[in-house]
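Okay, so here's the structure we're looking at.
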Amino acid sequence: MIQSYYTTNQGKIVQDTEFTHGEWIHLSDPTADEIHQVISQFNFPKDYLDGVLDPDEVSRYENLEMGENKSSSLVMFLYPIKITSNPNDNEYITRPLAVISTANTIITASVDTPIFISNMIENKLNYSIDSTNQEQFLLDIAWHISSDYISYLKEINSKVEILEKNLTTTTKNRQLFSLMALQKSLVYFSTAIGSNHPIFKKLKSIERFNKNKSNLSFLHDVVIENQQAEAMIRQSNKMLEQISAIFSSVISNNLNNIMKVLTSITIVLTIPTIIGALWGMNVSLPLEDTSGAFWIICLISLIICAITVWMLRKKDYF
């Protein structure tokens, strides 16, 4: 789907249904025909848009300097999204977002429209967006992506703390699946943030981004956000590694406890079996002529079993 937008004098984003302004064009889950249409109109390489359809695409940039012989540039970011197929085990992945700058139009494209793009379109941000200022617009997107990573990492940290608390009460498979989903999410985030970082460093070296002090200051904030996200990932990874080790230890300890109890029960149940077998032999035995011998033997077995249970409990086998 192709939609066109422009910024009013009041700083509001408005949809351009007639495609007359062409300040900002957003493609959501574009078809092959839509990609061909935009490429033909703005004359840039096909791989600029093909990359958004590849879930394994990496962050990259092309022609950021936009010299006289280069009419367009590309920045391919990886942004985070939440998969909510199972509300109890939310998984986070990354998807590519293309930001293409042309002479008069900025183009964004993604399979799933990021939440912050939707907020821009619906004017839900607490500041105005200027789609004619392509450098500022690109930095806005970069800042929102870094901010989203931090927000999702905070959610992951909260889930890690819940998993840690649940270790004291349960070690069911659901906790293992949650742990696996969070570890998988951190792998996605670590790869994406690491590949986004060189883009920010490159932007700082380009004149059209650093000649404006406000842009340079904003870009510095974006880099700080990205570094904070990297630090949070390292912290979350360490926490998950510790929880994984604790989880394994708890499961092993629970299994040992079960084996101790089962072994103790086996020992106790063996006592009356042995006594019964001895008195069942076809030889002369004590109490064989005594009335009530059966109940006496049962009482003796019960006493020995009770003593055995007491000794095992004393050694923490029950």
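Given Ala142, Ala181, Ala192, which one is in a helix (DSSP H, G or I), touching a Ser or Thr at 6+ places or on another chain (Cβ under 7 Å) and in contact (Cβ under 8 Å) with a residue 12 or more places away in the chain? If you could, list the steps in order and put the result at the bottom.
Values: Ala142 fails: touching a Ser or Thr at 6+ places or on another chain (Cβ under 7 Å); Ala181 fails: touching a Ser or Thr at 6+ places or on another chain (Cβ under 7 Å).
Of the residues listed, the single one that is in a helix (DSSP H, G or I), touching a Ser or Thr at 6+ places or on another chain (Cβ under 7 Å) and in contact (Cβ under 8 Å) with a residue 12 or more places away in the chain is Ala192.
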Looking at Ile121, Ile107, Ile100, can you tell me which residue is surrounded by 21 or more Cβ atoms within 10 Å (Cβ to Cβ) and touching a residue at least 60 places away in the same chain (Cβ under 8 Å)?
Ile107
Residues that are modelled with pLDDT under 85 and under 17 Å from Ile117 (Cβ atoms): does segment 49-70 have at least one?
no
Looking for whichever is without any contact (Cβ under 8 Å) to a residue 60 or more places away in the chain and more than 30 Å from Leu240 (Cβ to Cβ) here; the options are Leu216, Leu203. Which one fits?
Leu216
Only residues in segment 294-318 that are within 20 Å of Asn256 (Cα to Cα) count as the first member; pair them with residues that are among the charged types (D, E, K, R), Cβ under 7 angstrom, at least 6 apart or cross-chain, and list the lot.
Tyr317/Lys260
Output the qualifying pairs, or none if there are none: Cβ atoms under 9 angstrom, residues six or more apart or on different chains, first residue in segment 161-175 and outside any helix (DSSP H, G or I) and surrounded by 13 or more Cβ atoms within 10 Å (Cβ to Cβ), second residue of a type in the set (S, T, N, Q) and at pLDDT 70 or above.
Leu167/Gln175; Thr171/Asn254
Looking at Ile25 and the list (1) surrounded by 14 or more Cβ atoms within 10 Å (Cβ to Cβ); (2) on the phi > 0 side of the Ramachandran plot; (3) at pLDDT 85 or above, which single condition is not satisfied?
(2)
Does Asn253 fit the bill of being without any contact (Cβ under 8 Å) to a residue 24 or more places away in the chain and either under 30 Å from Cys298 (Cα atoms) or surrounded by fewer than 18 Cβ atoms within 10 Å (Cβ to Cβ) (or both)?
yes
Any residue that is in contact with a Ser or Thr (Cβ under 9 Å, 6 or more places away or on another chain), closer than 30 Å to Ala306 by Cα and of a type in the set (A, V, I, L, M, F, W, C) - is there at least one of those in segment 211-231?
no
Within the bounds of segment 246-261, is there any residue that is under 30 Å from Tyr79 (Cβ atoms), assigned by TED's automatic domain parsing to the domain that holds Ser158 and either part of a helix (DSSP H, G or I) or of a type in the set (S, T, N, Q) (or both)?
no
Within segment 124-149, take every residue that is buried (at least 17 other Cβ atoms within 10 Å of the Cβ) and aliphatic (A, V, I, L, M) and give me the one that is nearest to Phe189 (Cα to Cα).
Ile145
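Where residues in segment 211-247 are among the polar types (S, T, N, Q) and exposed (fewer than 12 other Cβ atoms within 10 Å of the Cβ), which of them is modelled with the lowest pLDDT?
Here is the first cut: in segment 211-247, the residues among the polar types (S, T, N, Q) are 212, 214-215, 217, 226-228, 235-237, 242, 244.
Filter once more, so that each one left must be exposed (fewer than 12 other Cβ atoms within 10 Å of the Cβ): 214, 217.
Details: Ser214: 78, Ser217: 82.
Per the criteria, the residue is Ser214.
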Is there a residue in segment 283-294 that is farther than 30 Å from Arg174 by Cα, assigned to a helix (DSSP H, G or I), more than 41 Å from the chain's Cα centre (by Cα) and not assigned by TED's automatic domain parsing to the domain that holds Leu179?
yes
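The values are calculated or read from the model by the stated rules, or taken from the named source; none is laboratory data. This one's a predicted model, so the numbers in the text were calculated from it and none came from an experiment. We place every Cβ from the backbone using ideal geometry, glycine too, and count neighbours over all the protein chains shown.
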